[in-house]
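The numbers here are math on the coordinates, done by the rules we state, and not lab data. All figures in this text were calculated on a predicted structure; none of them were measured in a lab. Note: ideal-geometry Cβ built from the backbone for every residue, glycine included; neighbour counts use all protein chains shown.
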Amino acid sequence: MLYTRPVSSAVFHRENGALYLERVRLSSLLSSGLETPFFIYSTAQLVSDWQAYAQAVRGIDAVVGYAIKANSNPAILRLLAGFGAGAVVVSDHEVRLALESGFSPARMLLHGNGKRSRDIDAALQAGIILSVDSEFDLEQIAARALAHKTKAKLLLRVNPDIDPQVHPYISTGLLDSKFGFSEAAVERTRQRLQSLPSVEVRGLHCHLGSTLKTVQPVRDAARLLATLVLALRSDGHPIDILDMGGGLGIDYSRGLEQLPIPDELTLAVSPVLRELGLRLFLEPGRSLVGRAGALIGRVLGVKDNGRKHFIVTDASMAQLIRPCLYGAYHHIDLLDESVAGPSLIFDVVGPICESGDFLGQSRQLPTPRAGDGLIVYDAGAYGFAMASRYNLHLGCAEYLVDGQSIRRVRRAETFDDLSRTFSDEPISL
């Protein structure tokens, strides 16, 4: 029986027009003096979405490795590590943070198409598996492993040239993408792999893209990789891992889309796993933390220019760049609809000096008052992680809700924090 995720209304729900996250009335956070904008996360939603993956890999030799790039707040990392998640990292700093947050190196993977020596060294020192993205990447990893007098355990990242039918900026499985070996490059590299004493190829890695709306491309990719597994085993490599990446989408429309769930993902690849006796590695990011988070802002005012109505809020592209970068949709609501005016069609925009600074366009919303709270849902993934300091809007605070309790898990950045990085030092050449 497939696992069915509980609807988000169990986590976000209204009582008498006021929006609650678990048992916390969100508008009360603004009236209590919390500075906006800020991100807020739900422990209950995080647990629920983790359980979906735990159910999906039950009875399978598998690692569910959280993609730390999606949201690297240590409070969230500690929760996921405590659940038993592995970790997928892409830099030396992510390696360090993952280890400090309690993730086991035996359940971690470093990947990236342009690893720096410092990234490779951090992974080798911790004993983490590395995903190899190219021939030059292979040579660099082999050289660094030789220097460290160790043997690097590798996955070869294969680009299967399969269209995942997602936004081109987050499509990684076509040959137009910068990621991975083509089949031809794998064939070209086989002989070289046998001549490198400092590396050991343990598996294949494939990540097709993000916000997948069907698992069929994953099924097709797994079948293609099975042929390469047999070829590499025939060369003497102890292939025992198949990493199918992450990429499952979430329903940003909040009820209008039917998207695949983790059970469907594992069912799509399980025939190949059984046939070849492989351990599965998955890399969810968005589908673990996306729905758990939201961005909260305060309305600065309402504007009518004769053609459009605008809600201007203190939340902006500096906190959540996805709408202007990808044209991504995030559902938007007022925190307390009981005090709002007539419903109109609004563009919801921030205060940044860019015409592209919008959080939502053509949204039907009740007319708010200045000072009212506003929520942008499903911002737990690639929200704070992709935030900027543009216009010197500094990093905002983050909070974690658990039932009726709330904790600050990151304080807002101050100008003093920023100014500590300024310097005026002569450099000797």
Interchain or sequence-distant (5+) residues whose placed amide H lies within less than 5 Å of the amide H of H393 are none
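Hey, fewest Cβ within 10 Å first, where do H207, H330 land in order?
Fewest to most other Cβ atoms nearby, the residues stand as H330, H207.
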Go ahead and set up a Gaussian network model of the chain, Cα springs under 10 Å, then flag whichever of Q51, Q140, Q404 fluctuates most. Q404
If amide H atoms are built 1.01 Å from N in the plane of the peptide, which residues on other chains or at least 5 residues away come under 5 Å of the amide H of S182? N159
Summing +1 for each Lys or Arg and -1 for each Asp or Glu, what net charge is found among the other residues whose Cβ lies under 14 Å from the Cβ of T150? +2
Would you kindly derive the ³J(HN,Hα) couplings of region 27-35 from the backbone phi angles with the Karplus curve 6.51 cos²θ - 1.76 cosθ + 1.60 (θ = phi - 60°), listing them in order in whole Hz, with x for Gly and Pro? 5, 5, 5, 6, 5, 7, x, 5, 6
Given q = 0.07 Å⁻¹, what are the Debye log10 I(q)/I(0) values for region 44-288, with equal point scatterers placed on the Cα positions and solvent ignored? -0.21
About the Cα centre, charge dipole magnitude for the chain (Lys/Arg +1, Asp/Glu -1 at Cβ), debye: 540
With n ≥ 4 as the cut-off for DSSP H runs, can you work out [θ] at 222 nm for the chain, using -39500 (n - 2.57) per run divided by the number of residues, rounded to the nearest 500? -8500 deg cm²/dmol
Rg to Rh for the chain: what is it, with Cα atoms only and Rh by Kirkwood? 1.00
Karplus-derived HN-Hα couplings along region 253-259 (A = 6.51, B = -1.76, C = 1.60, θ = phi - 60°), whole Hz, x at Gly and Pro: 6, 6, x, 9, 10, 9, 10
In which sequence would S428, S101, S72, S131 go, from the one with the fewest C-beta neighbours within 10 Å to the one with the most? S428, S72, S101, S131
Please state the shape class of region 300-379: rounded when a/c is under 1.5, otherwise prolate if a/b exceeds b/c and oblate if not, all from the C-alpha gyration tensor. prolate
Antiparallel DSSP beta bridges within the chain, percent to nearest 5: 50
Counting Lys and Arg as +1 and Asp and Glu as -1, what is the net charge of the other residues whose Cβ lies under 11 Å from the Cβ of L320? -1
Sequence-distant or interchain residues sharing an amide H contact under 5 Å with L110, placed H: which? V89, I129, L130, S131
How would V11, V289, V47 line up from fewest to most surrounding beta-carbon atoms within 10 angstrom? V47, V11, V289
Could you derive backbone 3J(HN,Hα) for region 333-346 from the dihedral phi with the Karplus parameters 6.51, -1.76 and 1.60 (θ = phi - 60°), listing whole Hz in sequence and x where the residue is Gly or Pro? 9, 7, 6, 9, 7, 5, 9, 8, x, x, 7, 9, 8, 10
First select every other residue whose beta carbon is under 13 angstrom from the beta carbon of D347; then total the charges, Lys and Arg +1, Asp and Glu -1. +2
Take the residue pairs K69/K149; K69/K151; K69/K308; K69/K303 and return only those whose Cα atoms are more than 32 Å apart. K69/K308; K69/K303
